[in-house]
1. Between residues in segment 287-306 that are in a helix (DSSP H, G or I) and open to solvent by 10 Å² or more (accessible area, probe 1.4 Å) and residues that are polar (S, T, N, Q) and more than 15 Å from the ligand (Cβ to nearest atom), which pairs lie under 7 Å by C-beta distance while being six or more apart or on different chains?
2. Does any residue in segment 481-506 that is of a type in the set (Lys, Arg) come within less than 8 Å, Cβ to Cβ, of a residue that is within 16 Å of the ligand (Cβ to nearest atom) and in a strand (DSSP E or B) six or more places away or on a different chain, and which pairs are these?
3. Taking the criterion of being within 16 Å of the ligand (Cβ to nearest atom) and surrounded by fewer than 16 Cβ atoms within 10 Å (Cβ to Cβ), would at least one residue in segment 466-479 satisfy it?
4. Only one of (1) open to solvent by 40 Å² or more (accessible area, probe 1.4 Å); (2) assigned to a loop (DSSP other than H, G, I, E, B); (3) away from the ligand (no atom under 16 Å from the Cβ) is not met by residue 361, so which one is it?
5. Scan segment 156-215 for residues that are among the charged types (D, E, K, R) and touching a helix residue (DSSP H, G or I) at 6+ places or on another chain (Cβ under 8 Å) and jot them down.
6. Those residues that are outside any helix (DSSP H, G or I) and over 28 Å from residue 97 (Cβ atoms), I need them from segment 444-479; list them, please.
7. Output yes when any residue across segment 422-443 is out of contact with any Leu (no Cβ under 8 Å at 6 or more places or on another chain) and among the β-branched types (Val, Ile, Thr), and no when none is.
8. Which count do you get for residues in segment 370-398 that are part of a loop (DSSP other than H, G, I, E, B) and surrounded by 19 or more Cβ atoms within 10 Å (Cβ to Cβ)?
Amino acid sequence: MTELLPNHLGGRWTAGTGAGMPLFDPVLGDELVRVDATGLDLPGGFAFARQQGGAALRTMSYAQRAALLGAVGKVLQAHRDAYYAIATANSGTVKNDSGVDIDGAIYTLGTYAKLGAALGERRFLLDGESASLAKDAAFQSQHVQVPTRGLALFINAFNFPAWGLWEKAAPALLAGVPVVVKPATATAWLTQRMVKDVVDAGVLPAGALSIVCGSSAGLLDALQPFDVLSFTGSADTAATLRRHAAVAERSVRVNIEADSINAALLLEGEAPGSAAFELLVKEVVREMTVKSGQKCTAIRRVFVPQALYGQVAEAVSARLARTTVGNPRNESVRMGALVSRAQLAAVREGLEFLKAQAEVLHDGATHALVDADPAVACCVGPTLLGAHDADGAHRVHATEVFGPVATLVPYRDAAHALALVRRGEGSLVASLYGSDDAQLATAALELADSHGRVHVINPAAAAVHSGHGNVMPQSLHGGPGRAGGGEELGGLRALNFYHRRAAIQAAPGVLSALG
Ligand code: NAP
């Protein structure tokens with residue numbers, strides 16, 4: 001029997017009373033550890049988080065809580081090697097891809113520690129200027145933001161077990177709100193180990209950070225009106241959560257990050273081999289292969305002028321062909337595994353679904369696996385599809401295959417291109433490639449209403465841009481429509497979700513006394 005990972009709830013470590021669900025190595029097929037949440041006292045544990053963790057955090061200023069984030073970052077930094085080992089074993093990722101998750105988490109914590117330190121010793125935030133409600137400003141309205149007195153429940157996806165926790169926990173803890181995380185089962189080990197290290201180090205108040213691994217049963221039932229729920233995962237699960245009484249009847253505030261059919265667009269007027277052309281090709285290949293395409297922000301659709309369809313197909317395919325796929329422990333491997341056999345099956349099924357409306361430009365099946373047994377390993381080569389019928393290939397605009405798969409789509413003119421990008425019905429990110437700044441700016445604003453982020457690349461940004469799929473804590477993460485309608489990060493904007501806004505109406509003397 002492998003080790004059963006304990007949960008941390010109510011200020012103590014508790015093992016589930018069931019047999020547990022096994023977590024596997026997606027390359028070697030070995031069982032690694034087990035998780036189980038059977039028999040936990042969720043209402044009691046949640047009450048402890050609110051009453052002990054929340055109360056302790058709220059006695060501190062933003063600067064003091066920012067210092068806690070700094071301390072958490074140091075603990076994680078000290079155990080970084082162990083996290084890389086877990087990521088290799090449980091996520092099947094190559095070192096660079098593990099870094100996106102692990103170092104991305106540490107960087108995000110550090111960023112919020114800095115932002116929080118700048119907020120200083122205050123314990124609430126003023127929201128805008130006061131507005132007069134009477135003659136001579138003798139009675140005024142001042143909006144304030146105060147930390148919610150509930151807890152923040154995170155239900156996370158499998159693809160970012162490290163960053164997925166800390167990109168949410170950093171703003172929550174900075175806001176003074178205790179955290180309960182329920183990681184996706186397939187990769188819960190890394191999240192559990194990070195929480196264990198931080199709890200064992202004693203850098204956070206008791207009840208500030210809890211973890212429940214395994215089944216999600218009962219979690220939402222234990223939520224109360226001032227709690228908040230942040231979910232990352234599939235649109236189907238998101239729909240179930242939105243219908244739950246906690247959300248529908250108890251008004252638990254909810255943030256959803258779901259599927260997204262992100263786009264990359266090469267603007268008109270760029271010659272084959274031009275800087276913009278090459279930047280698009282490089283980024284498409286990178287996005288298809290980093291974390292084997294298991295990124296919510298990965299490029300799924302690539303829009304190019306009709307005349308360039310063949311040349312882009314050739315350039316992307318040539319680079320994809322050089323991608324070595326297989327066991328991440330082998331130094332020559334550039335792309336590791338999908339997370340599970342279930343994901344491998346889902347990617348294969350999704351590919352077949354798209355192929356009914358698209359041709360295969362580069363076939364992932366032609367990649368021989370390095371150091372990995374195809375009967376066991378959840379590895380798959382990258383596949384580039386092409387859809388000549390841009391308008392008719394509706395599956396391409398509506399299907400997220402969560403793996404190393406993208407579809408090239410030709411467009412007639414700028415208006416057609418923008419209309420096609422919008423067929424994603426709301427995405428996390430679109431990236432634009434061109435050399436005409438005015439044309440790029442116009443397209444960026446045209447797409448801003450349907451995208452959480454528009455990543456604009458001209459030759460001046462070539463060497464310094466942060467990447468289409470990289471979520472930076474300074475910028476908004478989330479998107480309207482299909483992407484779930486959520487908003488995360490964006491610097492201090494992230495604190496809004498964990499605060500309650502109230503208007504205090506009073507005479508100026510009282511407002512000055514607020515501090
Ligand atoms: P999923 O099946 O929806 O699972 C996500 C999380 O929800 C897991 O922790 C899962 O637990 C839990 N869950 C499942 N059913 C639940 C229920 N009825 N009540 C409460 N929780 C429940 O999604 P996934 O397949 O792991 O993740 C892949 C999807 O996530 C992709 O579609 C991707 O686009 C999306 N994603 C979006 C973002 C973003 O930021 N927008 C980021 C990453 C991924 P178990 O693991 O225990 O089932």
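The values are calculated or read from the model by the stated rules, or taken from the named source; none is laboratory data. This structure is a prediction, so every number in the text was calculated from the model and none was measured. No Cβ is skipped: glycine too gets one built from the backbone with ideal geometry, and neighbour counts run over all protein chains shown. Surface accessibility is based on the protein's heavy atoms, side chains included, excluding ligands, DNA and RNA. Shrake-Rupley method; radii C 1.70, N 1.55, O 1.52, S 1.80 Å.
1. 289/323
2. 482/427; 493/476
3. If we filter segment 466-479 for residues that are within 16 Å of the ligand (Cβ to nearest atom), which is where we start, we get 467-473, 475-479.
Keeping just the survivors that are surrounded by fewer than 16 Cβ atoms within 10 Å (Cβ to Cβ) gives none.
Within segment 466-479, none of the residues are within 16 Å of the ligand (Cβ to nearest atom) and surrounded by fewer than 16 Cβ atoms within 10 Å (Cβ to Cβ).
4. Against the list (1) open to solvent by 40 Å² or more (accessible area, probe 1.4 Å); (2) assigned to a loop (DSSP other than H, G, I, E, B); (3) away from the ligand (no atom under 16 Å from the Cβ), residue 361 comes up short only on (2).
5. Initial filter on segment 156-215 (among the charged types (D, E, K, R)): 167-168, 182, 193, 196-197, 200.
Passing the criteria: 167, 193, 197.
6. Within segment 444-479, the subset outside any helix (DSSP H, G or I) is 449-458, 462-479.
Matches in segment 444-479: 449, 450.
7. As a first pass, look at segment 422-443 and keep what is out of contact with any Leu (no Cβ under 8 Å at 6 or more places or on another chain): 423-429, 435, 437-438, 441-442.
Of the ones still in play, those that are also among the β-branched types (Val, Ile, Thr) are 429, 442.
Yes.
8. The initial filter retains those residues of segment 370-398 that are part of a loop (DSSP other than H, G, I, E, B), namely 371-382, 387-393.
Then drop every residue that is not surrounded by 19 or more Cβ atoms within 10 Å (Cβ to Cβ), which leaves 372, 377-382, 387, 390, 393.
Going through segment 370-398 one residue at a time, the tally reaches 10.
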